[in-house]
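Below is one structure, written out as structure tokens; the observations come after it.
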Amino acid sequence: MSQPTALATADAIIEAAWQRPVDTLQTLRREGRTTDPTLLTVLRIRQSLLFSDTEITSQQERLHHLTRPGHVPLPQELDAVTSAATQLHTAHAEAHARVRAICAVIDVHPENRLADRLTRELDRSATVQPRAEAARAWTTVPITPAPSVVDSQAVSPAGAPTASPRAGRG
């Protein structure tokens, strides 16, 4: 049985701390409905973990290609095998460090405090949002298009002086 990836581990930790799926938390962040600095920090670290996860996958594929069954690496390919293995090891270490960073940020807070704070923030934003929309509706002035010069000349009352082009100076 294979071990879960660092990204899957981080997602499980984040979901346990905030008691919501990571996709929902990402949506709340994108929509600006949360300003929780702890959540924003954890989601930024998770974003960098996505890059490490991509690097791990890439190096694994490269290493599997170079060491596939029935293939004897050429002498010049041995350096590529060593390089891919080193880069894979480095990517795993970076991913592990990022998961530990997420744990460190979350462990500073008491259990369930993060989820409770997010719930309060979302409740507060739900009650503030309609008031803000109502205020915008009261203060919004309808915009009417300004009449153009052509329209104003066509509508000028009879007998009113019309604008005429300036006569050239002689």
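Considering only 40, 67, 84, the residue lying farthest towards the positive end of the dipole of region 1-110 is 40, judged by Cα position with unit charges set on Cβ.
With r defined as the distance between the Cβ atoms of residue 26 and residue 61 and R0 fixed at 22 Å, what FRET efficiency is calculated, to the nearest 0.05? Using R0 = 22 Å, I get an efficiency of 0.25. The local environment of residue 14, defined by Cβ-Cβ distances under 10 Å, has a net charge of 0 under the rule Lys, Arg +1 and Asp, Glu -1.
Every number here is computed from the coordinates shown, using simple stated rules; none is lab data. Since this is a predicted model, take the numbers as computed values, not measurements. Because the Cβ atoms are built from the backbone with ideal geometry, glycine has one as well, and the counts that use them run over all protein chains shown.
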